[in-house]
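Q: Below is one structure. I have some questions about it.
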Amino acid sequence: MGRTRGICVLGAVVGALVLGGPPAVGAAERPLTLQQAEALAAAQSREVRLAEEAVARAQSAVIGARARLLPSLSASGSYTRNVEKPVMFLPATFGGGSAEIGSNNSYSFSLQAGQPLFLGFAGITGYRLAQTQLASAQQELAKVRQQVLLAVREAYLGAVLMRQLVAAQREAVAQAESSLVQVQRRHDVGQVSAFDLLRAQVQLANTRPQLVTAESNQRLADARLGLVLGLASDEVAVPTDTLAEFTSVWLDWNLEDLVRLAMEHRPDLAVSEYSQQAAVHGVRLSQSAYYPTVVLFGTTMWQGQSESGFPDRRPRSTMAGVQLSWKLWDSWGTPAAVRQAQVGVRQARVAAQLARDAVRLEVQAAHEKLRAAAVNLESQRETVGQALEALRLARVMYDHGSATQLDVLNAQLALTFSRTQYASQLHDYHVAHAQVEKALGLIGAAQGD
């Protein structure tokens, strides 16, 4: 294929130009690059913390499953005070009657050791199942991290776009003000009519509300970014990167190569594969009830009695042996459990196929969106320059009397529209690139992995 797998291009979202209105009163600005925003979200995301705790829980489960295969040692002790001693009744041949037995105080202490020899394959299967569940939890953590990264990129790019739209609207207001000054000057010397002056005033009045709306949208985008990053309510994230043009490496890839790459790297597909393995282990675990269990054990006990205090003599007894237990009949409980586990295997296989189909469709949709965004951006790239030149010519022609004020106003509107369209198309291109990397399971991966 001749391409390095795992290439993850951030889209050259690099720069240090911040445009937009002032933040909310009393809010502290927090300048952030995209990389800093991603690191902050990964550190503060509640979803990531939950997934990390799930991994820690699975790690503990592995230790617990392994413990079932290893030796165990336990101790027990007891003390008994005979308030009234037990009585032994003598037979009539020995004169009848009764006699007290034992002492006022009795003590016992024992150590018990055990080593499973055979658990019907439940021990080793349980350990493998725990390891599989740990691997699944780790892939689930990777999946959550990628979801958080995509959310951060979309919110960050949205905040950057709003700043560029504010800049375009500010430029439109400046253009309208400049035109009004020009028309006012010509009106004062009798070169244009009052109608032209009124139309320039209306144009400026219509442009200012659009700037107010753009600034409001910017504040909302900043609030959305702060929410994704987990910032305090008195902090405002200020993006310092800009929407720079770049060429996505995924444009030249064909769909089948992208799908194969996604099948290798998507963490949710790995989770579905581990789910199948866990279901197979579940069948083996349920079948372990058909087999006996064998445990090697040993016990050492110290006992003693005394009328008062602690006994001087504490005789010791030791025993060792092998214990076998085998459930011979459980009213069809074990066959039913095995069948349930086998159904679980079939369900896991169907779910895995559904997951693969969903990933293929997601990759195709993301790639088509990226291609469409690239085409739209290409068609919009030259428009801004052309609109600027059209406005310049309209003003020159207006100054020489060969164009009307309406021509100038139309050229100004076309320039504002071109700038906003270009910014929007560039934003869509960046977002589409990020969504392709998320669909491939490579978002946030190091370059060259």
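The values are calculated or read from the model by the stated rules, or taken from the named source; none is laboratory data. Fair warning: this is a prediction, and the values are worked out from it, not measured in the lab. Here the Cβ is made from the backbone with ideal geometry for all residues, glycine too, and neighbour counts use every protein chain on show.
Per-residue answers, yes or no, for (1) in the same structural domain as residue 276 (by TED's automatic domain parsing); (2) among the charged types (D, E, K, R); (3) modelled with pLDDT of 95 or more:
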residue	(1), (2), (3)
342	yes, no, yes
356	yes, yes, yes
367	yes, no, yes
385	yes, no, no
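Q: Here is a follow-up. Let me confirm something: among 224, 199, 219, which residue is part of a helix (DSSP H, G or I), modelled with pLDDT under 85 and either in contact with a strand residue (DSSP E or B) (Cβ under 6 Å, 6 or more places away or on another chain) or in the same structural domain as residue 378 (by TED's automatic domain parsing) (or both)? Reasoning before the result, please.
A: On the way: 224 fails: modelled with pLDDT under 85; 219 fails: modelled with pLDDT under 85.
On inspection, the qualifying residue turns out to be 199.
Conditions tested, residue by residue: (1) surrounded by 15 or more Cβ atoms within 10 Å (Cβ to Cβ); (2) modelled with pLDDT of 95 or more; (3) within 30 Å of residue 314 (Cβ to Cβ).
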{"position": "89", "(1), (2), (3)": "no, no, yes"}
{"position": "94", "(1), (2), (3)": "no, no, no"}
{"position": "100", "(1), (2), (3)": "no, no, yes"}
{"position": "117", "(1), (2), (3)": "no, no, no"}
{"position": "134", "(1), (2), (3)": "yes, yes, no"}
{"position": "138", "(1), (2), (3)": "yes, yes, no"}
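Q: What pairs can you find where one residue is in segment 381-403 and more than 19 Å from residue 171 (Cβ to Cβ), the other is aliphatic (A, V, I, L, M) and outside any helix (DSSP H, G or I), and their Cβ atoms are less than 8 Å apart, with a gap of 6+ or different chains?
A: Listed pairs, sorted by first residue: 397/403.
Q: Next up: Check residue 273 against each of (1) in contact with a strand residue (DSSP E or B) (Cβ under 8 Å, 6 or more places away or on another chain); (2) buried (at least 16 other Cβ atoms within 10 Å of the Cβ); (3) acidic (Asp, Glu) and name the one condition it does not meet.
A: Every condition holds for residue 273 apart from (1).
Q: List the number of the failed condition for residue 327; all other conditions in (1) more than 26 Å from the chain's Cα centre (by Cα); (2) part of a strand (DSSP E or B) hold.
A: Among (1) more than 26 Å from the chain's Cα centre (by Cα); (2) part of a strand (DSSP E or B), residue 327 violates only (2).
Q: With the requirement that a residue be crowded, with 17+ Cβ neighbours inside 10 Å, of a type in the set (Val, Ile, Thr) and farther than 16 Å from residue 442 by Cβ, what does segment 342-373 give you?
A: 345
Q: Continuing with this model, one more query. Say whether the condition of being out of contact with any Leu (no Cβ under 9 Å at 6 or more places or on another chain), aromatic (Phe, Trp, Tyr), in contact (Cβ under 8 Å) with a residue 40 or more places away in the chain and not in a strand (DSSP E or B) is met by at least one residue in segment 248-263.
A: No, that holds for no residue.
Q: Residue 437 - would you say it is part of a helix (DSSP H, G or I) and in contact with a Cys (Cβ under 7 Å, 6 or more places away or on another chain)? Quick ask: steps written out before the conclusion?
A: Numbers: part of a helix (DSSP H, G or I): yes; in contact with a Cys (Cβ under 7 Å, 6 or more places away or on another chain): yes.
So residue 437 passes the test.
Q: Looking at segment 187-233, which of its residues are among the basic types (Lys, Arg), buried (at least 16 other Cβ atoms within 10 Å of the Cβ) and over 14 Å from residue 29 (Cα atoms)?
A: First, pick out the residues of segment 187-233 that are among the basic types (Lys, Arg): 199, 208, 219, 224.
So of that shortlist, the ones also buried (at least 16 other Cβ atoms within 10 Å of the Cβ) come out as 199, 219, 224.
Across segment 187-233, the qualifying residues are 199, 224.
Q: OK, next. Do we have residue 284 as of a type in the set (D, E, K, R), farther than 30 Å from residue 438 by Cβ and surrounded by fewer than 13 Cβ atoms within 10 Å (Cβ to Cβ) here? Reasoning before the result, please.
A: Details: of a type in the set (D, E, K, R): yes; farther than 30 Å from residue 438 by Cβ: yes; surrounded by fewer than 13 Cβ atoms within 10 Å (Cβ to Cβ): no.
So residue 284 does not fit the description; no.
Q: Given the structure, is residue 148 surrounded by 17 or more Cβ atoms within 10 Å (Cβ to Cβ) and either at pLDDT 90 or above or among the charged types (D, E, K, R) (or both)?
A: So residue 148 fits the description; yes.
Q: Just to be sure before I move on: is residue 268 closer than 25 Å to residue 32 by Cβ and of a type in the set (Asp, Glu) in the structure I sent?
A: no
Q: Restricting the search to segment 35-69, which residues are of a type in the set (Gly, Ala, Ser) and surrounded by 13 or more Cβ atoms within 10 Å (Cβ to Cβ)? Talk me through it step by step, then tell me what you get.
A: Quick first cut of segment 35-69, residues of a type in the set (Gly, Ala, Ser) only: 37, 39, 41-43, 45, 51, 54, 56, 58, 60-61, 64-65, 67.
Residues satisfying the conditions are 37, 39, 41, 42, 45, 51, 54, 58, 61, 65.
Q: Another one. How many residues does segment 62-93 hold that are touching a Phe, Trp or Tyr at 6+ places or on another chain (Cβ under 7 Å) and either farther than 28 Å from residue 309 by Cβ or not assigned by TED's automatic domain parsing to the domain that holds residue 105 (or both)?
A: To start, the set of residues in segment 62-93 that are touching a Phe, Trp or Tyr at 6+ places or on another chain (Cβ under 7 Å) comprises 65-66, 69, 77, 79.
Imposing the further condition that a residue be either farther than 28 Å from residue 309 by Cβ or not assigned by TED's automatic domain parsing to the domain that holds residue 105 (or both) reduces the set to 65-66, 69.
Total satisfying the criteria: 3.
Q: Right, residue 444: within 30 Å of the chain's Cα centre (by Cα), surrounded by 17 or more Cβ atoms within 10 Å (Cβ to Cβ) and modelled with pLDDT under 95 or not? Walk me through it before giving the result.
A: Working: within 30 Å of the chain's Cα centre (by Cα): yes; surrounded by 17 or more Cβ atoms within 10 Å (Cβ to Cβ): yes; modelled with pLDDT under 95: yes.
Answer is yes for this residue.
Q: Pairs under 8 Å by beta carbon, first residue more than 25 Å from residue 163 (Cα to Cα) in segment 193-211, partner among the hydroxyl-bearing types (Ser, Thr, Tyr), six or more apart or different chains?
A: Matching pairs, first to second residue: 196/404; 200/179.
Q: Then there is this: Step by step: first the residues of segment 225-258, then only those that are out of contact with any Gly (no Cβ under 9 Å at 6 or more places or on another chain) and among the aromatic types (Phe, Trp, Tyr), then the one that is farthest from residue 422 (Cα to Cα). Which residue is that?
A: Checking each candidate, the answer is 253.
Q: In segment 40-91, which residues are in a strand (DSSP E or B) and either touching an Asp or Glu at 6+ places or on another chain (Cβ under 6 Å) or over 21 Å from residue 299 (Cβ atoms) (or both)? So that I can check it myself, show each step before the final result.
A: From segment 40-91, those in a strand (DSSP E or B) are 72-81, 87-89; that's our starting set.
Answer for segment 40-91, where residues must be in a strand (DSSP E or B) and either touching an Asp or Glu at 6+ places or on another chain (Cβ under 6 Å) or over 21 Å from residue 299 (Cβ atoms) (or both): 81, 87, 88, 89.
Q: Please verify whether segment 394-407 includes one or more residues that are surrounded by 15 or more Cβ atoms within 10 Å (Cβ to Cβ) and either more than 25 Å from residue 196 (Cβ to Cβ) or not assigned by TED's automatic domain parsing to the domain that holds residue 168 (or both).
A: No, segment 394-407 has no match at all.
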